[in-house]
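This report concerns only the one structure given below.
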């Protein structure tokens, strides 16, 4: 896999891109190396990935990928964009390698309508999180982005842009559906979202930008493991579990709603680049998805081709301990443990301090060397893979080196 | 004498290897038939950064850029937004690979840019002032 990726990068580096006035081919990619010092919590890029990086591992798969793109103008108002990203996936399917595929109709400079597969505009960087040259870090902060497995959205969006003062105002509404997987140490679970409705508003000048985003989704499927626990709870007789039926319904995810909200900003102050984002994932319908508050602040200093940066990132959610009244827990310890695991599946509570160095060694190739020091709270390690029964707090160091390019 | 000659050779070498930033005067040009007479810096930035690709009268524009290996491109973006080409390419990676906006048309040569803008009514690009001809109109001058 890595060898093939290297050969492709070498091949693409020797080609300056095929382009005509109507057709442009382009590419981007990353070769990423990750090491960690934990034998219990396995590092991964996001919750969709199934191969953790443990103490002693040298991993090339978590961050490495290659993307190719076609931009084709069909008329003065209509164009097509298609993109494929080759990477190691937990559950490979052809359609999961296709990350963009849409037709755009832009009747004026102010308005554009896109129909087809687009990138999810949920948080500040979700649209370009896999394009390594586009940000200074080795990877976007996991505390905010690690919980989002989705790479594309099938549907439509309408965007309005206008020049306003010294900046540009851009507002976008979008709708559609999305699918991906969430991996645990034991299984790879499909996850489907339907009835996605989102709004993204951005005001930017060349030196700073602010952005607000809100997205609501409906969960469209129930994982097989979850369904078994739901069924087992529902079948409990009243003398063991008095309101078992009602409780089992609260465990179901299918048909429940969740929302994603983010506010963020970026500013260039001389040689300094400041980036900050505060994000929330929440569901009022189910306790299985806890209220997740996360954020980060990043400060970078650029000196010629070199950028030194530091990041503080956090994610916080309540963990669940079973305390339903009247349940004879001593008779069903395995089921209670299953319910607790289910309700803590998305519980993420950790803080990371990162320092890093980006080197733009050509106009379109850069490297980022980054050291993360992460403290995971008790039962807060949802972003990591852990196949042990020990879910207690830990402090982990992760070293990552990414070389990224765009052509 | 030999030392003076060596110093002279060294000086010539240094001067030849210096960037030509100070020498090249750049102008932003449109087709001569375009009714637009002038643009502000912020309008030019919006247009070349893919934020709002239109002329001040609201008509859609076609931005024309040079390929990355051109020094003129480096000078243009340095003067327009004060950023390196690496930073501009990083920025455009966000726009292009998210499909947020159509990337500019790219030309291999400055002569290609001049020809395209001279024959396309809603095209806009940047060229050295010395390459101006009667079919082009200057709408913005980049200060050094």
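The values are calculated or read from the model by the stated rules, or taken from the named source; none is laboratory data. For clarity, every value in this text was computed on a predicted model and none was experimentally measured. When we count neighbours, we look across all protein chains shown, and the Cβ atoms used for this are built from the backbone with ideal geometry, even at glycine.
Quick rundown of the values:
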{"item": "Extreme residue, nearest to residue A:356 (Cα to Cα), among residues of segment A:303-327 that are modelled with pLDDT under 95 and in contact with a helix residue (DSSP H, G or I) (Cβ under 8 Å, 6 or more places away or on another chain)", "result": "A:305"}
{"item": "Answer residue from segment A:111-125, given it is at negative phi and not in a loop (DSSP other than H, G, I, E, B) and is farthest from the chain's Cα centre (by Cα) among those", "result": "A:111"}
{"item": "Lone qualifier among A:168, A:118 - being crowded, with 19+ Cβ neighbours inside 10 Å and either without any contact (Cβ under 8 Å) to a residue 40 or more places away in the chain or more than 14 Å from chain B (Cβ to nearest Cβ) (or both)", "result": "A:168"}
{"item": "Those residues of segment A:360-377 which are facing chain B (nearest Cβ under 10 Å) and part of a strand (DSSP E or B), in sequence order", "result": "A:365, A:366"}
{"item": "Of residues in segment A:135-162 being buried (at least 21 other Cβ atoms within 10 Å of the Cβ) and without any contact (Cβ under 8 Å) to a residue 40 or more places away in the chain, the one farthest from the other protein chains (Cβ to nearest Cβ)", "result": "A:140"}
{"item": "Subset of segment A:378-400 [part of a strand (DSSP E or B) and either surrounded by 20 or more Cβ atoms within 10 Å (Cβ to Cβ) or touching a residue at least 40 places away in the same chain (Cβ under 8 Å) (or both)]", "result": "A:378, A:379, A:380, A:381, A:385, A:394, A:396, A:397, A:398, A:399, A:400"}
{"item": "Failed condition for residue A:50, given (1) more than 11 Å from every other protein chain (Cβ to nearest Cβ); (2) farther than 22 Å from residue A:143 by Cβ", "result": "(2)"}
{"item": "Yes/no for residue A:341 being part of a strand (DSSP E or B) and more than 30 Å from residue A:26 (Cβ to Cβ)", "result": "no"}
{"item": "Of all residues in segment A:64-110 being under 22 Å from the mean Cα position of the chain (by Cα) and part of a loop (DSSP other than H, G, I, E, B), the one that is nearest to residue A:138 (Cα to Cα)", "result": "A:64"}
{"item": "Failed item in (1) touching a helix residue (DSSP H, G or I) at 6+ places or on another chain (Cβ under 7 Å); (2) surrounded by fewer than 20 Cβ atoms within 10 Å (Cβ to Cβ); (3) within 7 Å of chain A (Cβ to nearest Cβ), with residue B:72 passing the rest", "result": "(3)"}
{"item": "Filter result (surrounded by 17 or more Cβ atoms within 10 Å (Cβ to Cβ) and out of contact with any strand residue (DSSP E or B) (no Cβ under 7 Å at 6 or more places or on another chain)) within segment A:313-335", "result": "A:320, A:327, A:332, A:335"}
{"item": "Boolean, residue A:229 is touching a helix residue (DSSP H, G or I) at 6+ places or on another chain (Cβ under 7 Å) and modelled with pLDDT under 95", "result": "yes"}
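Table: residues versus (1) out of contact with any helix residue (DSSP H, G or I) (no Cβ under 6 Å at 6 or more places or on another chain); (2) more than 8 Å from chain A (Cβ to nearest Cβ); (3) under 29 Å from residue A:117 (Cα atoms).
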| position | (1), (2), (3) |
| --- | --- |
| B:43 | yes, no, no |
| B:54 | yes, no, yes |
| B:68 | yes, no, no |
| B:94 | no, no, yes |
| B:97 | yes, no, yes |
| B:102 | yes, no, yes |
| B:109 | yes, yes, no |
| B:117 | yes, yes, no |
